[in-house]
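Quick note: the coordinates plus some simple rules give every number you see, no bench work behind them. Since the model is a prediction, treat every value here as computed from it, not as a measurement. Neighbour counts run over all protein chains shown; Cβ positions are idealised from the backbone, glycine included.
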Amino acid sequence: MTALMAHNLISRWSGALGVCAIIAVIRPAHADPRTVVELFTSQGCSSCPPADKIVGELAKDPGVIALSMPIDYWDYLGWKDTLADSRFSARQKAYSHVRGDRNLYTPQMIVNGSAQVIGSDRTAIDKAIKSTGKAEGVMSVPVSMTLSGKQINVSVEASKAATGRGEVWLCSVSRAVPISIGRGENRGQQVTYYNVVRNIVKIGDWNGTAGSWTVPLDSISSNGVDAAVVYVQDGSRDRPGAMLGAAFTVLR
């Protein structure tokens, strides 16, 4: 399913993140990911299930942080996406503005913040992972995330290889969410969505020097969340650029 977006997308970039209950031990994030991929998907899109499956496959690779960001602009087609968030629709539109095109469709995958490919085309995805990984600064900034008691600790190291600026964002994630779809193009199907972003919040800015942030767990709890992702991205919320670094950790 493809379409040009002609209507305004509502952006909501505040509020508490969902990260599940208090963890009493320290767990390090998965180390040295080389790629962040974001799939813009919809339960109302008949072309999306193959792409959703690919996210599950990519999520098994410790070098890849694969995220599902369900959009809401197909909700009028007969099935309201139960995971959709207008912030993800706005994020997809922001990427389009940066590229200078109007290529907004599902399933669309953004690789390392800089390349867009059809989310069900595994060959194109693999090529984009390889090509974007060669770009200067991409995924070159060391990022770590640990859980300690009642808080998440995020650290971003200094780096001269990157642009020297960026924003730090924390995502709460549900690693696998099975959905039975009752109406619309996927009527009667049960689709599992992997690494679904349930909430996202900016925790700081990064200017090329080392930085650290602490996020209380008890202020960012919600049901169904069992992982967290932090990423440093060039640009801003409205003009997102290349991914500079990221980390993923399981919460339970």
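Structure notes:
- Cross-link reach list, aspartates and glutamates versus Lys80, counting only Cα pairs under 14 Å and skipping chain neighbours closer than eight places: Asp72, Glu185
- For segment 184-247, convex hull volume per residue from C-alpha positions, Å³: 154
- Amide H partners (placed H, <5 Å) of Ile152, local residues excluded: Val215, Leu217
- Spatial separation of Cα centroids for segment 99-167 and segment 170-213, in angstrom: 15
- Rounded to the nearest whole Hz, the Karplus-based 3J(HN,Hα) values (6.51 cos²θ - 1.76 cosθ + 1.60, θ = phi - 60°) of segment 225-236 follow the sequence 8, 9, 7, 9, 10, 10, 9, 10, 10, 5, x, 9, with x at glycine and proline.
- A straight Cα-to-Cα reach below 18 Å connects Lys60 with the aspartates and glutamates Asp32, Glu38, Asp52, Asp121, Asp126, Asp226, residues fewer than 8 places away in its own chain not being considered.
- Neighbourhood net charge (13 Å Cβ-Cβ; Lys/Arg +1, Asp/Glu -1) for Thr82: -1
- The alpha-carbon atoms of segment 85-140, seen along their principal axes, cover 31, 24, 21 angstrom, with the largest extent given first.
- Highest mean first, the peptides 234-247, 96-109 sorted by other C-beta atoms within 10 Å per residue fall in the order 234-247, 96-109.
- Average silhouette area of segment 55-176, convex hull of alpha-carbon atoms, in square nanometres: 9.5
- Value in Å of the Kirkwood radius, where segment 126-235 supplies the Cα pairs that are averaged: 16.1
- Each residue of segment 104-110 was assigned a 3J(HN,Hα) from its phi angle through the Karplus curve 6.51 cos²θ - 1.76 cosθ + 1.60 (θ = phi - 60°); the sequence is 10, 7, 10, x, 10, 10, 9 Hz, with glycine and proline shown as x.
- Taking amide H atoms as placed 1.01 Å from N in the peptide plane, the amide H of Gly204 lies under 5 Å from those of Val168, each 5 or more residues away in sequence or on another chain.
- Non-local lysine pairs in segment 111-252, meaning eight or more places apart or on different chains, with alpha-carbon distances under 23 Å, amount to 4.
- Converting phi to 3J(HN,Hα) with the Karplus coefficients 6.51, -1.76 and 1.60 and the offset θ = phi - 60°, segment 114-123 yields 10, 10, 10, 9, 5, x, 9, 9, 5, 4 Hz in sequence order, with x at every glycine or proline.
- Taking amide H atoms as placed 1.01 Å from N in the peptide plane, the amide H of Thr192 lies under 5 Å from those of Ile179, each 5 or more residues away in sequence or on another chain.
- Peptides 41-47, 57-63, 148-154 ranked from most to least packed, by the mean per-residue count of other Cβ atoms within 10 Å: 41-47, 148-154, 57-63.
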